[in-house]
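First up is the structure itself, then whatever we jot down about it.
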Amino acid sequence: MMYAALLRAVNVAGHQPIAMADLRSIAENLGFNEVRTLLQSGNLIFGSARRDDFEKMLEAKLHTDVFVRSTADLDAIVAANPFPTEAKDDPGRLVVLFLKSSADAPALQKAIKGREVARGKGKQLYVYYPDGQGRSKLTNALIEKTLDTRVTARNWNTVLKLRDATQ
């Protein structure tokens, strides 16, 4: 079985730097196979025949939140996308929020002050940022406070790459 592990807030503006070679080494030392990284923002691809709590295993070594999704999870995330037009026409502004605990988009939508639109429920939410994330007041800190859970975000292009890398 193949998995993607998404690390929260590493290698972003110098925060929690980790070399991708070190990340791969940690995963290999945990007994994972077919280990590789995607991009420089804390995306780890690995295989394992075990069904362990990979999030806890990686968090203990990396000291940051880790969100693990299987190939089947990523397939379902792509299939459930409520923004197909935006995914096709503006994928860099469509973001999937990976959550530690389940939530639903209406709670998040109420906190939005701009033109952003949130949809979905469960451990993934989808947010379209029509004006881009850089100027948005819908920050990860606000999202976490509103939903009362930890979160990491990946744009649609990266989600597709993660899905494809675990196939």
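Given labels modelled 7 Å from the Cα in the Cβ direction, how far is it in nm from Asp52 to Arg36?
2.3
What list of ³J(HN,Hα) values in whole Hz, one per residue of segment 34-39 in order, does the Karplus curve 6.51 cos²θ - 1.76 cosθ + 1.60 (θ = phi - 60°) give from phi, with Gly and Pro shown as x?
Listing the rounded values in order: 6, 6, 7, 10, 10, 6 Hz.
Enumerate the lysines that Lys123 could reach by cross-link, defined here as Cα to Cα under 20 Å, with residues fewer than 8 away along the same chain left out.
The qualifying lysines are Lys56, Lys100, Lys110, Lys145, Lys161.
Would you list, by chain and number, the aspartates and glutamates whose Cα falls below 17 Å from the Cα of Lys61, excluding same-chain residues fewer than 8 positions away?
Qualifying aspartates and glutamates at Cα under 17 Å: Asp22, Glu28, Asp52, Asp53.
FYI, it's all coordinate maths here, none of it is from the lab. Because the structure is predicted, anything quoted here is derived from the model rather than measured. Positions of Cβ are generated from backbone atoms using ideal geometry, with glycine treated the same way; all protein chains shown enter the neighbour counts.
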